[in-house]
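The block underneath contains the structure these notes are about, expressed in structure tokens.
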């Protein structure tokens, strides 16, 4: 795999830019896609957000100073884009975030790109009960298997706070799954 | 090795202690939660193969939408300066004493801001920015706190006692 610093330099150079961008997309497309999909739940929205994320990265890479790591910067953009999409969806439908979550879960049952059974649907319902931040932390730790230090850099939150969020999220999901069994 | 069983009549199956560590490690490696690992999400066939092309197309489409403004640039400067002069004149004519202060912002506006801008801070995050060392408990509480009140609160609000004494491993 190409070193991150070299990749950033190549992205900032007009001659190497397009090739480096292809490498960037290839390296991160799956990770970022799943990160986004877990927030927006359906494939079409995830596809939109993923494309917008890479376009933002492409347009703003010149200003990237390397204060954070490239991947955490991209994760941050992806997270913001995904949450912004949810907010604008809620606005369009004129509903609150709770109602939006309910609708998203309802749509999941008919989604051709969701093959989950009753247990997996229940898992999504359990996750929908979590506050936004806890859900993010849970997804990133449990499914994406990121380290606390990495999540800390992406979400700009202390490791201690993340551990507490994760712990609470696991407890709540377990309790939900047990209760509704 | 010291024999810990020289004074009692109990016996263990042969090779029990040799297998014990192995069995324990195996159990520890097993999943420690019932939360499923598979979420059931799938993607269309060959989606990831085509994504780079899709992004380039979108980028290209955005580029072609840009209309050059340079031709009219000098008029913009002129128009902007006239507008600026007019604005300054207008502002000066208004009552200068009516400066907006923080107190003028209705509380509801501030509440709306917090509502709309997802400042989802956890207690841990708040604790990080509030200088707790300099705070006295009296600064935030109007009533004095006594032990009974604390015990009552914990009694009514703690579902899981373990949460009060959390210890984590990475």
For region A:1-80 and region A:121-165, compute the distance between their C-alpha centroids and round to whole Å.
21
Region A:1-115, relative contact order in percent, only Cα pairs under 8 angstrom and at least six apart counted:
26
Could you compute how fast region A:1-40 diffuses translationally, taking Rh as the Kirkwood radius over C-alpha pairs and applying Stokes-Einstein at 20 °C with viscosity 1.002 mPa s? Give it in µm² per second.
197
Between 0 and 90 degrees, rounded to the nearest ten: what's the tilt of helix A:17-40 against the longest Cα principal axis of chain A?
10
Per-residue counts of other Cβ atoms within 10 Å, averaged by peptide: what ranking do you get for A:167-173, A:108-114, highest first?
A:167-173, A:108-114
Cβ neighbours within 10 Å, averaged per peptide: list A:46-56, A:25-35, B:53-63 in order, most packed at the top.
A:46-56, A:25-35, B:53-63
Residue A:97-residue A:56 pseudo-label distance in nm [points 7 Å out on the Cα-to-Cβ vector]:
1.6
Given the DSSP H assignment, sum -39500 (n - 2.57) over each helix run of at least 4 residues in chain A and divide by its residue total; what's the result at 222 nm in deg cm²/dmol, nearest 500?
-24500 deg cm²/dmol
Starting at 0 and stepping by 10 Å, how many percent of the alpha carbon pairs of region A:61-116 end up in each bin?
20, 31, 28, 19, 2
Which value in nm describes the separation of the simple spin-label points at residue B:22 and residue B:153, placed 7 Å from the Cα toward the beta carbon?
5.4
So the FRET efficiency between residue B:60 and residue B:38, C-beta based with R0 = 45 Å and rounded to 0.05, is 0.75
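Every number in this text was worked out from the coordinates using simple rules, so none of it is lab data. On a predicted model such as this, the values are computed, not experimentally measured, just so you know. Methodologically, a virtual Cβ is constructed for each residue, glycine included, from the backbone with ideal geometry; neighbour enumeration extends over all protein chains shown.
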